1. Report, by residue number, each residue of segment 31-51 that is among the aliphatic types (A, V, I, L, M) and not in a loop (DSSP other than H, G, I, E, B).
2. Considering only segment 94-110, I want to know if a residue exists there that is open to solvent by 70 Å² or more (accessible area, probe 1.4 Å) and not charged (D, E, K, R).
3. For segment 128-142, enumerate the residues that are surrounded by fewer than 12 Cβ atoms within 10 Å (Cβ to Cβ) and modelled with pLDDT of 70 or more.
4. Please indicate, with yes or no, whether at least one residue in segment 154-162 is in contact with a Phe, Trp or Tyr (Cβ under 8 Å, 6 or more places away or on another chain), open to solvent by 30 Å² or more (accessible area, probe 1.4 Å) and not small (Gly, Ala, Ser).
5. Can you confirm whether segment 141-153 contains a residue that is in contact with a Ser or Thr (Cβ under 6 Å, 6 or more places away or on another chain), in a strand (DSSP E or B) and touching a residue at least 60 places away in the same chain (Cβ under 8 Å)?
6. In segment 134-169, which residues are more than 20 Å from residue 116 (Cβ to Cβ) and not aliphatic (A, V, I, L, M)?
7. Keeping to segment 39-55, report how many residues are among the hydrophobic types (A, V, I, L, M, F, W, C) and under 19 Å from residue 121 (Cα atoms).
Amino acid sequence: MNPFFLLIPLVASPAPEAPIPDIEAKDLPAAPRGPMVPRARDFGAERGIMGDVRRGARNGPSIPALQLPAGNVRVKDKVPDMSGWRAYAIEVPAGGFVKAHVVEGRKAWFRVLGVNEWGRDEPGLLQNRVYLGEPQATYKNPNSVARTIYFIVDTQDANMVGEPFTLEVTRG
């Protein structure tokens, strides 16, 4: 038997992937602007004073956003206030692909929306229209120029202020 046949699998095996760096949300800079409030159903809405407070917190022209760095990253964050959502801005190059996925925390209590600056869908955005328990959204830039896309981590319950979660953002 030829000893070179034993070396082929070792040479052809892919290098192990580098771990995705963890970043605290408090260390991220504020984005120059955030998305307009999307026209999406509020699954955490409820009747009474707490529902009124949540609706008031969500009623505004735009959502403040944090700017995500280039490359893959895991953002450790928590629900900041009664509005129940947090927006992240990300620059996607022409033909680029990005996926935002809540990977830690009470995943079933979150959803991820992908929107443009006007808070709407656009070609390339893929949402979880039929919720399967995985809070994630993706974007494939079909344009010939870079685009800024916003991923909004939204809560499914009104009483989640301070609830921790980890958002994993991967590029392809």
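1. Within segment 31-51, the subset among the aliphatic types (A, V, I, L, M) is 31, 36-37, 40, 45, 49-50.
Hits for segment 31-51 are 36, 49, 50.
2. Kept after step one, since they are open to solvent by 70 Å² or more (accessible area, probe 1.4 Å), are these residues of segment 94-110: 97, 104, 106, 109.
Going one step further and asking which of them are not charged (D, E, K, R), we end up with 97, 109.
The answer is yes, given that some residue of segment 94-110 is open to solvent by 70 Å² or more (accessible area, probe 1.4 Å) and not charged (D, E, K, R).
3. Matches in segment 128-142: 133, 142.
4. yes
5. So in segment 141-153, the residues in contact with a Ser or Thr (Cβ under 6 Å, 6 or more places away or on another chain) come out as none.
No, there is no match, as no residue in segment 141-153 is in contact with a Ser or Thr (Cβ under 6 Å, 6 or more places away or on another chain), in a strand (DSSP E or B) and touching a residue at least 60 places away in the same chain (Cβ under 8 Å).
6. Initial filter on segment 134-169 (more than 20 Å from residue 116 (Cβ to Cβ)): 134, 155-166, 168.
Answer for segment 134-169, where residues must be more than 20 Å from residue 116 (Cβ to Cβ) and not aliphatic (A, V, I, L, M): 134, 155, 156, 157, 159, 162, 163, 164, 165, 166, 168.
7. As a first pass, look at segment 39-55 and keep what is among the hydrophobic types (A, V, I, L, M, F, W, C): 40, 43, 45, 49-50, 53.
Still in the running and under 19 Å from residue 121 (Cα atoms): 40, 43.
Residues flagged as among the hydrophobic types (A, V, I, L, M, F, W, C) and under 19 Å from residue 121 (Cα atoms) within segment 39-55 amount to 2.
For every residue, the table says whether it meets (1) assigned to a strand (DSSP E or B); (2) crowded, with 17+ Cβ neighbours inside 10 Å.
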position	(1), (2)
53	no, no
70	no, no
76	yes, no
81	no, no
87	yes, yes
90	yes, yes
118	no, no
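The values are calculated or read from the model by the stated rules, or taken from the named source; none is laboratory data. Keep in mind that what you see is a predicted model, and the values were worked out from it rather than measured. Note that we place each Cβ from the backbone using ideal geometry, even for glycine, and neighbour counts take in every protein chain shown. Only protein heavy atoms, including side chains, enter the accessible area calculation; ligands, DNA and RNA are left aside. Shrake-Rupley method; radii C 1.70, N 1.55, O 1.52, S 1.80 Å.
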